[in-house]
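S.K.: Before anything else, here's the structure in question.
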Amino acid sequence: MTRTLRDAAAIAGIGQTEFSKSSGRSELQLACEAVKSALDDAGLSPRDVDGMTTFTLDTTDEIEVARAVGIGDLRFFSRTPHGGGAAIGVMHQAAMAVATGSAEVVVVYRALNGRSGQRYSQGVASDVVTSDLIHWSWYLPYGLLTPASWVAMFTQRYLHETGTTSEDLARVAISTRRHAVNNPNAFFHGRPLTMDEHQSSRMIVAPLHLYDCCQETDGGCACIVTTPERARDLRRGGVLIRAVAQAAGAEQEVMTSFYRPSLTRVPEMEVVAKQVYAMSGLGPRDLDAAVIYDAFTPIVLWQLEAFGLCKWGEAKDFVRDGGLDLGGRLPANTHGGQLSEAYIHGMNGVNEGVRLVRGTSLNQPARNDHVLVTAGVGVPTSAMILGKM
Amino acid sequence: MSNSEELERALARYVGAEIGPPAVGPDLVNAPMVRHWCEILGDANPVYTDPDVAARSVHGGLVAPPTMLQVWTMAGVALAGGGGPAADLQQELHALLSEHGYTSVVATNCEQVYDRYLRPDDRVTATTVIEAISPEKTTGLGTGRFIDTRTTYRDAKGERVAWMTFRVLKFKPAQPAQAASPAAAPAKPRRLRPLRSHDNDWWWQGVARGDLLIQRCAECGTLRHPPRPMCGACQSLRWDSVAASGRGVVYSHVVMHHPPIPGYGFPLAVALVELEEGTRIVSNVVGCAPDAVRIGMPVQLEMQDVDEELRLPLFRPVSGAAEEAR
Ligand SMILES: [Zn+2]
């Protein structure tokens, strides 16, 4: 009998701090606050936790958080690499841990002072010597060293091959912003975005305008993963992880896979899509809503294609038809996304995925049986499909 | 009572106070000032300057750029004048802090929130409240106190149109460093250096000699870039290299604008060049305007010493290509 992670784990609680440009406190404290709020949501005590997982990029050690929050003995801890690609990778780790009995209650967390502390937009610095600095050395001398610049290189080619325009990218940002307008936790709460504002916003890296790029945020998010049986008895019940998977593609680099035959597909996301559909027995038609990783607008289009929601090159038509809007084919990023709510490396999206299935999103679509949640693009990545118990 | 307690007590009196009577905009919101502002800042949005386009827009007529907010009530030349007795509580507070050694000032944060667009003939009035004065903090600039103010902007009917929070640091400047000798002058920022290792050093040595090398599997002949120790096609560890002809085409490209990175000239054209041998390489395109680069543009290798220590393989459009692309 083949074992899979289908329906093997559930999310029993979610928590987060406020999102801001200057938290005024340490990343450790943000992590502690987010974890405590997720435990409260689940109705669990710190002593119930026996596993923890986060991103390799997180600066806060599991055991630091554990000590501070009063978590006792840990039986499982792990880290997932590659920036935002880890957003659902951590959920994969947690699901594997509870499915195998390695742990019963796993805390997933991510906290960063992404605006007041180290800012990703400032690019790779050569004074941080890491094993992959040889990789970055092919780009550093030429100045191609910010996330926006790497995504822009793929974007230019994608626009060229598919006839997608900057206005189509704007449609992603505008749709997402419309959701943030209703969300008091969102940076852009109450502030809609117009096509004019998008098009006249300054160039960051052509062809990407300011509003094609996500924000930089201080904040923390956490959630609690446990077995479906345990979740059933808890305060909020559980949101079932119907399927969860990770992938790295052939010829993968971190953000700079420029040497593959095509620059206009995301092979690792196609591998993830194939896995989550096979594992859940679901297909693109079964998805009712989604949280699509949106560090930059074009990557939303590429994921629509990778997940089979439209054909290659036709994501522009999907967004022109309002496909991402409430009432559209696939209401997406109903919290405002990372473009307009906050950039917590995709973990605020995990929390929104849970709210969508619970029916408590501030922009709740009518149907919510199956919700797709994805992770970073351009890096080894991950995704999951959430559903009802 | 110590001097510092006395100061704390004096400062506390300012918190929560309005700095003076409302500042009334000397001019109504008007088209000429909007046009000057848009020209200077390069904002080409026609809803600010073109009545016909504005009439057809969602605004139904001309509006002022929201970020122009402060302009309407700014004191202008009087503000720059300085000197003289304090005209309002904010200036009085600054003078008090200066007396206590906090002689320098720097603006650190400003946030504006807009309730509605301003339109021609709006009369703007601003009321400013000192919201907070921080305890003494030590920053890179020196030790000082943050002063937070909140300004509320209202129209002629008294309806709020926007508000703004503004934070300044009033500080004692840190001791100036020893007068720098010419030798100690900060080095001109330079491009980041590539890190050299066993797996790429040979390639950079090729560049130093003037060759753009492509790694080649000695077993199956597969070319690969960037270099790596094993052939992904046949797993051979044996490899040699060939010198590229230097001819290629732009496969994709970007123009970097923000954030500017010291040591590189911005805006900066970066291209993914497909060499005629079939491998691709990231480099800069020189010899044409950054926004003249196009996908498919033929380019030619140009070895350039970008500073005394770094030679890079850059690319230049083959003659005529940049003009054709226009
Ligand atoms: Zn070979």
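S.K.: Here is a check on your reading of the model: is A:ILE63 without any contact (Cβ under 8 Å) to a residue 60 or more places away in the chain, hydrophobic (A, V, I, L, M, F, W, C) and farther than 27 Å from A:GLY219 by Cα? Break it down into steps so the answer makes sense when it comes.
M.R.: On the way: without any contact (Cβ under 8 Å) to a residue 60 or more places away in the chain: yes; hydrophobic (A, V, I, L, M, F, W, C): yes; farther than 27 Å from A:GLY219 by Cα: no.
Judged against the criteria, A:ILE63 is not a match.
S.K.: Within region A:129-143, which residues are within 8 Å of another protein chain (Cβ to nearest Cβ) and in contact (Cβ under 8 Å) with a residue 60 or more places away in the chain?
M.R.: Residues satisfying the conditions are A:HIS135, A:TRP138, A:TYR139.
S.K.: Name the residues in region B:45-79 that are closer than 17 Å to B:TYR117 by Cβ and among the aliphatic types (A, V, I, L, M), would you?
M.R.: Of everything in region B:45-79, those that are closer than 17 Å to B:TYR117 by Cβ and among the aliphatic types (A, V, I, L, M) turn out to be B:VAL47, B:VAL53, B:ALA54, B:ALA55, B:VAL58, B:LEU62, B:VAL63, B:ALA64, B:MET68, B:LEU69, B:VAL71.
S.K.: Okay, next question. I'd like the full set of residues that are out of contact with any strand residue (DSSP E or B) (no Cβ under 6 Å at 6 or more places or on another chain), away from every other protein chain (no Cβ under 14 Å) and in a loop (DSSP other than H, G, I, E, B), limited to region B:16-57.
M.R.: Those that are out of contact with any strand residue (DSSP E or B) (no Cβ under 6 Å at 6 or more places or on another chain), away from every other protein chain (no Cβ under 14 Å) and in a loop (DSSP other than H, G, I, E, B): B:GLY16, B:GLY20, B:PRO21, B:GLY25, B:PRO26, B:ASP27, B:LEU28, B:VAL29, B:ASN30.
S.K.: Name the residue that is nearest to the ligand (Cβ to nearest atom), counting only residues in region B:211-221 that are in contact with a strand residue (DSSP E or B) (Cβ under 9 Å, 6 or more places away or on another chain) and under 18 Å from B:ARG280 (Cα atoms).
M.R.: B:CYS217
S.K.: Residues that are modelled with pLDDT of 95 or more, over 30 Å from A:VAL225 (Cβ atoms), surrounded by 18 or more Cβ atoms within 10 Å (Cβ to Cβ) and charged (D, E, K, R): does region A:147-160 have at least one?
M.R.: Yes, some residue in region A:147-160 is modelled with pLDDT of 95 or more, over 30 Å from A:VAL225 (Cβ atoms), surrounded by 18 or more Cβ atoms within 10 Å (Cβ to Cβ) and charged (D, E, K, R).
S.K.: Additional query: Restrict the check to region B:222-238 and report whether at least one residue is outside any loop (DSSP other than H, G, I, E, B), within 16 Å of the ligand (Cβ to nearest atom) and more than 22 Å from the chain's Cα centre (by Cα).
M.R.: yes
Listed here are the residues, each with its yes/no results for (1) within 20 Å of the chain's Cα centre (by Cα); (2) of a type in the set (S, T, N, Q).
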| site | (1), (2) |
| --- | --- |
| A:SER201 | no, yes |
| A:ALA247 | yes, no |
| A:TYR259 | no, no |
| A:VAL276 | yes, no |
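S.K.: May I ask you to verify whether A:GLU216 is within 13 Å of chain B (Cβ to nearest Cβ), assigned to a helix (DSSP H, G or I) and at negative phi?
M.R.: no
S.K.: How many of the residues making up region A:141-175 are in contact with a strand residue (DSSP E or B) (Cβ under 8 Å, 6 or more places away or on another chain) and outside any helix (DSSP H, G or I)?
M.R.: Qualifying residue count for the region: 3.
S.K.: Just checking: which of the helices (runs of 4 or more DSSP H) contained wholly in region A:37-136 hold 3 or more residues that are of a type in the set (Gly, Ala, Ser)?
M.R.: In region A:37-136, the matching helices (runs of 4 or more DSSP H) lie at A:89-99.
S.K.: Could you list, in sequence order, the residues of region A:282-308 that are in a loop (DSSP other than H, G, I, E, B), buried (at least 24 other Cβ atoms within 10 Å of the Cβ) and of a type in the set (A, V, I, L, M, F, W, C)?
M.R.: A:ILE292, A:ALA295, A:PHE307
S.K.: Can you give me the number of residues within region B:266-307 that are without any contact (Cβ under 8 Å) to a residue 24 or more places away in the chain and touching a helix residue (DSSP H, G or I) at 6+ places or on another chain (Cβ under 7 Å)?
M.R.: Adding up the residues that qualify gives 4.
S.K.: Filtering region B:194-210 down to residues that are in a loop (DSSP other than H, G, I, E, B) and loosely packed, with under 14 Cβ neighbours inside 10 Å, which residue is farthest from the other protein chains (Cβ to nearest Cβ)?
M.R.: B:GLY210
S.K.: Can you go through A:ALA148, A:ALA231, A:ALA186, A:ALA170 and tell me which one is within 22 Å of B:GLN112 (Cβ to Cβ), in contact (Cβ under 8 Å) with a residue 60 or more places away in the chain and either more than 14 Å from chain B (Cβ to nearest Cβ) or within 21 Å of the chain's Cα centre (by Cα) (or both)?
M.R.: Being within 22 Å of B:GLN112 (Cβ to Cβ), in contact (Cβ under 8 Å) with a residue 60 or more places away in the chain and either more than 14 Å from chain B (Cβ to nearest Cβ) or within 21 Å of the chain's Cα centre (by Cα) (or both) holds for just one of A:ALA148, A:ALA231, A:ALA186, A:ALA170, which is A:ALA186.
S.K.: So which of A:PHE55, A:PHE76 is among the aromatic types (Phe, Trp, Tyr) and over 14 Å from A:CYS221 (Cα atoms)? Reasoning before the result, please.
M.R.: Working: A:PHE55 fails: over 14 Å from A:CYS221 (Cα atoms).
The match here is A:PHE76.
S.K.: Then there is this: Can you name the condition, by its number, that A:THR80 falls short on among (1) polar (S, T, N, Q); (2) closer than 13 Å to A:ALA111 by Cα; (3) crowded, with 17+ Cβ neighbours inside 10 Å?
M.R.: Condition (2) is where A:THR80 drops out.
S.K.: Kindly provide the set of residues from region A:64-77 that are more than 16 Å from A:LEU28 (Cα to Cα) and crowded, with 16+ Cβ neighbours inside 10 Å, ordered by number.
M.R.: Applying the first criterion (more than 16 Å from A:LEU28 (Cα to Cα)) to region A:64-77 yields A:72-77.
Within region A:64-77, A:LEU74, A:PHE76, A:PHE77 meet the criteria.
S.K.: Continuing with this model, one more query. For region A:22-63, enumerate the residues that are among the small types (Gly, Ala, Ser) and crowded, with 16+ Cβ neighbours inside 10 Å.
M.R.: Once the filter is applied, which keeps residues that are among the small types (Gly, Ala, Ser) and crowded, with 16+ Cβ neighbours inside 10 Å, region A:22-63 yields A:SER23, A:ALA31, A:ALA34, A:SER37, A:ALA38, A:ALA42, A:GLY51.
The values are calculated or read from the model by the stated rules, or taken from the named source; none is laboratory data. Because the structure is predicted, anything quoted here is derived from the model rather than measured. Backbone-built Cβ (ideal geometry, glycine too); neighbour counts: all protein chains shown.
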